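These notes are about the structure you will find just below.
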Amino acid sequence: MTSEILFLALGFILLIAGGESFVKGASRLAYTFKVSPLVIGLTVVAVGTSAPEFTVAVRAAFSGHMDVSFGNIVGANILNVFFILGISSLIRPFQMPFMKFKNDMLWMLGYVALFILIAIDLKIQRWEAMILLVLAFVYMFSCLRRGASQCHLHEEVREEFTGPPVEYRRASELAVSIILLAAGGIFLIFGARYLLDGAVGIARHFGLSEVFIGLAIVAVGTTLPELVTSVIATLRGKGDLAVGNIIGSNIYNLYLIIGAAASLAPQTIDVPAQILRFDLLFMFLSFSLWFGIIRKYQVMERKFGLLFLGIYGFYLLLQVSLFQK
């Protein structure tokens, strides 16, 4: 049991460090070749911040433990909204202008509903996975057309990549970028392996389902970067930035990661019945509640933060009471 916990902890550390290194390396590499900050934010950084979930999903697809990955992705999406936004609003209430987030919220709700329809037969075929990938890129390009101010563009890109590249630093920047990119990729690969081994071992030891481990434990670890980023943004008075990042992250998690994993998997991906019949429906209904709050109040007050944390706690209690007997 001790070894499984150590594997899980080591996996988390490697995934977080690898994801950070991968994003910085890829972003610097793109900027060295004069790719615009907008494109970097909406492609390299947006996809790179989901690298931990992606490597876990691909590893799970090839090792036959997709239940952990489905639990991780769905759990991460629910945790992103109700735990991270709940904590952030308790620290400091922030504005959520409805017109600013309307389009992305509708994208997110529509994509969740469509994913439920695709998974209705409890399977994701390779052609369905390709549809998910195409739709993920459709959202990405819609963001590119609307501009960075309205979409999933991380603050680190705004701050780090402003102004033209310094030409005399290109050679050194290129070397550093490649090193960061390679180190990040290696950390991600081994992190996914150790995390999955640890999570599956803990599930077997306690008689828990792999879905529950993914929802309640793995999701917490893989969303730690989003939690830190959102809290920092809130403390800086930029809580609306955290909202935009979370919406984009949820869409990429569901479509880009599952789509890529199912496309690469050697066989058809099975969707756990619990995920389809409970977790995805819970996610859709709770996201609809969030949409209603943004539309009516346009501010994330502390009372809504408490409500969101209560919803997340209720969700975990339902998981234990309904599915872990």
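Points to keep in mind about this one:
- Distance from the stretch 89-148 to the stretch 241-280 (C-alpha centre basis), Å: 10 Å
- Entries in Lys102/Lys123; Lys24/Lys238; Lys24/Lys296 that, when Cα-Cα distance is taken, lie over 29 Å: Lys102/Lys123; Lys24/Lys296
- Residue (of Ile124, Leu109, Pro266) at the positive-pole extreme of the stretch 2-323, dipole from beta-carbon charges: Leu109
- Scanning residues 5 or more positions from Phe94 or on other chains, those with amide H under 5 Å from its amide H are Met300, with H placed 1.01 Å from N in the peptide plane.
- Proximal charge balance of His205 [Cβ under 14 Å; K/R count +1, D/E count -1]: -2
- Between the listed residues Val138, Ala192, Ala175, the Cα displaced farthest toward the positive end of the dipole of the stretch 2-323, a dipole computed from Cβ unit charges relative to the Cα centre, is found at Val138.
- Projecting label points 7 angstrom from Cα along Cα→Cβ for His205 and Gln267 puts them 2.8 nm apart.
- Extension gain (nm, one decimal) between Ile120 and Ala182, 0.36 nm per residue minus Cα-Cα: 18.5 nm
- Neighbours of Leu181, meaning other residues whose beta-carbon lies under 13 angstrom from its beta-carbon, give a summed charge of 0 when Lys and Arg score +1 and Asp and Glu score -1.
- Förster radius 45 Å - calculated FRET efficiency between Leu6 and Met99 (Cβ-Cβ, nearest 0.05): 0.40
- Three-way shape label, the stretch 193-325, alpha-carbon gyration tensor, a/c 1.5: prolate
- Note that the stretch 2-323 carries a Kirkwood radius of 19.8 Å, evaluated over its alpha carbons pair by pair.
Just so you know, all these numbers are worked out from the coordinates, no wet-lab data involved. All values reported here derive from a predicted model rather than from experimental measurement. Glycine also receives a Cβ, built like all others from the backbone with ideal geometry; neighbour counts cover every protein chain displayed.
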